[in-house]
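The values are calculated or read from the model by the stated rules, or taken from the named source; none is laboratory data. Because the structure is a prediction, the values reported are computed rather than measured. Here the Cβ positions follow ideal geometry from the backbone for every residue, glycine too, while neighbour counts run over all protein chains shown. When the accessible area is computed, the model is the full protein with side chains, heavy atoms only, and any ligands, DNA or RNA have been set aside. Shrake-Rupley method; radii C 1.70, N 1.55, O 1.52, S 1.80 Å.
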Amino acid sequence: KQEVTQIPAALSVPEGENLVLNCSFTDSAIYNLQWFRQDPGKGLTSLLLIQSSQREQTSGRLNASLDKSSGRSTLYIAASQPGDSATYLCAVILITGNQFYFGTGTSLTVIP
Amino acid sequence: GAGVSQTPSNKVTEKGKYVELRCDPISGHTALYWYRQSLGQGPEFLIYFQGTGAADDSGLPNDRFFAVRPEGSVSTLKIQRTERGDSAVYLCASSLSGGPVDEQFFGPGTRLTVL
């Protein structure tokens, strides 16, 4: 069974800092990896999707990398803002499957 | 509608009661997924529909949980004899045709509280 782990579980940083969130997965036979944002009491907002053949994706201040062979992905957030405060979830889909396997998330607080 | 919608947004029930949670997928999406997110955890897969049929129900925790999608659009997740451990946010997602190729779009979830 695919296991997805996210480190750290919680992170608090001052506004303006650059930060890195980590995600690791046990089964490298993934089709793609996706990073989501979840605000309290809300659903999931897709941030970045990386196909297994890709190494990274960028959107604005966000950059996600993927190293499939080592089972790792990182989400880099540049120049953090208080509005970035949320829980960030990493999820993978296997080549053979349909369902997402999610990590437990990293709760980010950006202090003004 | 423009996105996936779920009703109700919140549901409070008593232990032992029956509940139904509804999901309206994006129009034209043939694939529909249910996930459950317990407090402090990531979402966990429950069931996947392709059209009207359940293509994969391996995530349903026990026979108290059942889901239907009779016309290949709206889906209802049904929980019998609810237990306090069923308290969670139930998320629905849909995708155009299913499989790993298509992006899944998530609804806002239904927060179920079993007292």
### Task
Starting from the Cα coordinates of the range A:1-43, work out the convex hull volume and express it per residue in Å³.
126 Å³
### Task
Give the accessible surface of the range B:17-97 per residue, rounded to a whole number of Å², with probe radius 1.4 Å and ligands, DNA and RNA excluded.
44 Å²
### Task
Any chance you could check the Cα centroid distance between the range B:53-111 and the range A:1-54 for me, in angstrom?
22 Å
### Summary
Averaging 1/r across every pair of distinct alpha carbons in the protein assembly as shown and inverting yields a Kirkwood hydrodynamic radius, in angstrom, of 18.0 Å
### Query
Counting Lys and Arg as +1 and Asp and Glu as -1, what is the net charge of the other residues whose Cβ lies under 12 Å from the Cβ of A:Thr87?
0
### DSSP-loop chymotrypsin sites (Phe, Trp or Tyr not before Pro) across the range B:1-79, with at most 15 other Cβ within 10 angstrom
B:Tyr18
### Summary
Of every hundred units of 1.4 Å-probe accessible area on the protein assembly as shown, the number belonging to carbon and sulfur atoms, as a percent, is 49 percent
### Query
Mind listing the phi-derived Karplus ³J(HN,Hα) values for the range B:106-115, rounded to whole Hz, using 6.51, -1.76 and 1.60 with θ = phi - 60°, and x for any glycine or proline?
9, x, x, x, 10, 8, 9, 10, 10, 8
### Task
Given the options A:Ile77, A:Ile95, A:Ile30, state which has the largest fluctuation in a GNM of chain A using a 10 Å cut-off (strictly under) for Cα springs.
A:Ile95
### Rg in Å to one decimal, and Dmax rounded to a whole Å, for chain B via C-alpha atoms
13.2, 40
### Query
Among A:Asn18, B:Leu60, A:Leu47, whose Cα sits farthest toward the positive end of the charge dipole of the protein assembly as shown (+1 at Cβ of Lys/Arg, -1 at Cβ of Asp/Glu, about the Cα centre)?
B:Leu60
### Query
For the pair B:Val12 and A:Thr104, how long in nm is the line joining their label points, each one 7 Å along Cα→Cβ?
2.9 nm
### Query
Looking only at A:Arg72, A:Arg37, A:Arg55, which one moves most when chain A is put into a Gaussian network model with springs between Cα atoms under 10 Å?
A:Arg55
